[in-house]
Each structure stands twice: as C-alpha cells, then as structure tokens.
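Accompanying notes for the structure given below.
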Amino acid sequence: RDLHLSLRRQRQMCIRDRGTYDDGLNFCAICDAGTFSGVAATSCSDCADGQVSTAGSESCTDCPAGTFDNGSNECIDCADGQVSSAGSTACNDCAAGTFDDGNNACIDCADGSVSEAGSTACTECGVGTYDDGLNFCATCDAGTFSGVAATSCTGCGPGEVSEAGSESCTACLLYTSP
C-alpha cells in the first residue's frame, strides 16, 4: 500500500511538473538538454532549430543574436566579420562595402573606403585612386589626381599634368629651343 501511494504521488508530481514526463513505468523522468515538456507530458519534444534548453526545461530559448545553434544544443559565437539574428542556425558574412562593428551589426564603410565580404574593418582608397561607389578603388585617369579616401578625382589645373594614379599634378615645363 505504501509503495502504491508513493508511485501515485510521484505520478501526480510528474503531471504537475514541467520539464518532466511520465515514462509509462510510473516514474517521472526529466527531459534531457535540448528538449522540453509541458504539464502532463508523456514525452519530451526536441527544441526547434536555433533554440536550446537545459535538462528539465519546460520550454526552449532562442540562441541570442550574434550566436548560432550548432545542432548540439549549444549557442556558438559568430566569427569575426559575421552576424546573426536571434534563433539562427548559421551566421552570415557582412556584405562587401560593410564591416562587422563587433556588436553584431554590419556598418556601411565611410565614403572613400571599401571592404570585402566578411570584413571587420574598411580600407581607405589610397592616393591616386577613388571610391567608385561600387566598393572598388578605381585608379584616377591621367590629368587627374586624388588624396587618400577620395570619392572622386580632381582635374589638374591649366598648365599642369599628371600620370594615371597620381597624388598631385605637376606644372608643365616650358621647352625652349637652343
């Protein structure tokens, strides 16, 4: 009789407790990590992709932004240059022309700067080049020049010349015959 009461009491506890289930043998079992159960459950359910749980959970939680579910009930930090939203199963590279600011956001490069996909910083266009607006540092044509981080090339003044990719123009030398 005492055994019967004890089993009955344990079964009632299982019916009321979340994160446990009735194993069918009059025992209340705890749900494993990566699973959950509600009240009066007869089994545990797997967490959805992008979610995790600890043992005995009544629900699963999304992996936070900046992490991803690796399929082993673990939220893993995104690599540098990558970001994710909450509940993700993968991280994504920041697009070309942007960079990962370290706070799970892809930020546009400043004018005159460019980046490859998955970057953590932008690179300024060097002297004699300019940001062409398509995330490329293009070379200034002959007769023009630019400084660092330019968004366009400046034409040489009257009586000045430059080679392609120049930082400045130089005055034309007058040619005099002997």
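Couple of notes before you dig in:
- Those residues of the stretch 66-95 which are more than 24 Å from Ser45 (Cα to Cα) and part of a loop (DSSP other than H, G, I, E, B), in sequence order: Gly66, Cys78, Ala79, Asp80, Gly81, Ser84, Cys91, Cys94, Ala95
- Complete set of residues in the stretch 143-168 that are open to solvent by less than 70 Å² (accessible area, probe 1.4 Å), farther than 24 Å from Ala96 by Cβ, assigned to a loop (DSSP other than H, G, I, E, B) and not hydroxyl-bearing (Ser, Thr, Tyr): Gly143, Cys156, Gly157, Gly159, Ala164
- Going through (1) open to solvent by 70 Å² or more (accessible area, probe 1.4 Å); (2) closer than 30 Å to Thr35 by Cβ one by one, Phe136 falls short only on (2).
- Residue match in the stretch 119-128 (condition: among the acidic types (Asp, Glu), at pLDDT 95 or above and more than 30 Å from Gly66 (Cβ to Cβ)): no
The values are calculated or read from the model by the stated rules, or taken from the named source; none is laboratory data. A quick note: this is a predicted structure, and the numbers were derived from the prediction, not measured. All Cβ positions, even for glycine, are placed from backbone atoms using ideal geometry, and neighbour counts span all protein chains on display. Heads up: the accessible areas ignore ligands, DNA and RNA and are worked out on the full protein's heavy atoms, side chains in. Shrake-Rupley method; radii C 1.70, N 1.55, O 1.52, S 1.80 Å.
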